[in-house]
Amino acid sequence: MLNYIATNVQVMLHVADGTNLVTTTMINTGSQSILPSTWYIVLCHSQSAMKQKHAHKVANNRLELDQLEGNIFTLRPTQWFKSFDTGERIKFMLGKATAGSDYFPNWYVTAPHLAPRVILSTVQNKLYLDYSGAVEKYFTPLTRFMQNIHTSVQKLDGRQVHVIPTPHSITYKAGQMGNLSFTFDGDRKLIRMTTGQVKTDRKLRDNVREQMYQIYFRQEHQIITIVGVSPVGVFYGIQTLLALISHNGQLITDLPEFNIVDYPRLPYRGLMVDTARSFVRKKEVIPEIDTPGHSHAAIVSMRSRSRKFQKLGDTVGAMKYALLDPEDKSVYKAVNDYVLTTINPCMNSTFFFLEHVILAIKEMHKDIQPLTAFHVGGDEVPGLALKRSPLCVLFKQQHPKITTTKHITQYFMMKVSDLLRNMNLSMQIWEDGVFNKDNPLTNTTYRSMQNIQAQIWKTGKRERIINLAKQGYKLILSEASHVYFDHKYEPHPEERGFTWARSHLSLKTIFQYSTVGEMTKLHPQLTKQIIGIEGALWGETIQTRSHFDSMLIRGRTAYVNTGLPGLRVDISVNRGSTWRMFNNGSKIPDGRLYFSTRSTDGTRRSRIVDIMHEAKGGI
């Protein structure tokens, strides 16, 4: 029966008119009836597939929809399921969806003691969400026209200097062109490279100044000069020059006289790629073991280990790495609907477990890429977790200042920071892991602030940034509403991505991300504490390399202009004019994009990427 269901049941998803509610239709396309038994179907949905909080009947009571765990759901035949006949259609509501990627492929049918079978109509690229009847705010030709009505279109020509990312300062003499006859003759003084001082009217941090460079071209001398404050700066200058003189794989020999001065505003400019679910090589791996919340896998595995040792009569071994208070009666769900997601910081065994795991990961990296940092998560700990843990009740009695789950989380982070410092690892943490409301752990809580970096992902929390900086935290800004590239780029349902931080993430939104400039302009003392910006591409909806490329390339074009040059993040810049310059300068007539992207450790690479412009809007 499982093989028949997997082969012959056609699954179709349709969004009802005027809503995001999804109607699921299952069709028996085979030649025999499907009878009720112990079989059931398992599916995964990124949003809640259930309107009720408990198992309930659907399809005229013929099927029961239940939540197995988190975003995993089951469909089982009920006593009213008599048969599913040839050609018959079974329809029922199945949650909401804002994109086809909300439903994951590879639904499967299984039964006790039998191997599961993937339903073929749900295999990758076959599970299709039909939005033809939905009323959505899609982009139309008129919508696009109105969005760009104030963006003038200029023809790109050789009398202007265009490069991505846009340097801090570009000046040129329009109309005065020099012709460069490139040669490989080593005696020809065509390009001069040197290290030295570059003038600027700004006071720069040392780790920013060393990346500074200047390029200038004088027609009378026919020489391009690159001056870098350090060899790193010279290298950056070379990459900018290559972007200037390269077009479609050919050298451009006609250039105006120009002078470019460039440096990054921030020492750290990063791009985080979800390594567990992606298909690309990485420059540096920073492990994240999200604790104390989002720890369902660790909790379940250690519970299984504990039960195994208990059966062997080893009660001491059973509790060695225990993460749950056996008497904890707390009832809660995490934001992703999972239960049992919060490890218990009121138990010493929790810290034995973490020490063991971190040391094991550090050992794994030792001969390949020695670890320097470890991300401990800290985000989205449910407020009701640990409430009814007898061990935590006792712990609070012993520590009168600890009264809430938030306080326990803060205590946990203090202990973990000690663990990591003893291992010579810096600690990275999501900002909500150190906050109780808007009050962070103070600098007197830790033995040292040297190894602690807080990462800001929540949007609009300006007071949090100020409070963290005042307490001495080094800050990395990763606001989801502007630099999370796993979000949709436009509201069309066929667009892959999430919508929880904003309905869609446009290039203009990314380009005009200005938290750094605004905060440092209003609060100059933050300059030393905000060490960088980091874009993020999480991989829940990414299943192929093409998915990865399409999600990242569009956002990265604007992101490199946002996070790298000082020009883009300065509040004093006229955003409208610089957006028009970027919007014109980033489009190459032959349909290619030129990327000059810098990595976080001082290297920089330039490459040409082919982009296909589709009728529905391209990039």
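Before moving on, here are some points about what is shown:
- The ranking of M423, M413, M146 from fewest to most other beta carbons within 10 Å of each one's beta carbon is M146, M423, M413.
- Taking other C-beta atoms within 10 Å as the exposure proxy, Y4, Y103 rank Y4, Y103 from fewest upward.
- If the chain linking T25 and V357 were pulled fully straight, counting 0.36 nm for each residue of separation and taking away their Cα-Cα distance, it would gain 115.0 nm.
- Computed 3J(HN,Hα) for segment 222-232, one whole-Hz value per residue from the Karplus formula 6.51 cos²θ - 1.76 cosθ + 1.60 where θ = phi - 60°, is 6, 10, 9, 10, 10, 10, x, 5, 9, x, 4, glycine and proline marked x.
- DSSP bridge pairs, segment 393-532: antiparallel proportion in percent, nearest 5: 15
- Ranked by how many other Cβ atoms sit within 10 Å of their own Cβ, fewest first, the residues W430, W39 fall in the order W39, W430.
- Across K320/K362; K329/K458; K82/K333, pairs whose alpha-carbon gap is larger than 26 Å: K329/K458; K82/K333
- Cross-link reach is defined here as a Cα-Cα straight distance under 21 Å, omitting same-chain residues fewer than 8 places apart; for K366 the lysines meeting it are K282, K283.
- In this entry, segment 2-136 is assigned a mean projected area of 7.9 nm², taken as a quarter of its C-alpha convex hull surface.
Read-outs: derived from the displayed coordinates by stated rules, not from any lab. All values reported here derive from a predicted model rather than from experimental measurement. With ideal geometry, Cβ positions are generated from the backbone for all residues, glycine too; neighbour counts draw on all protein chains shown.
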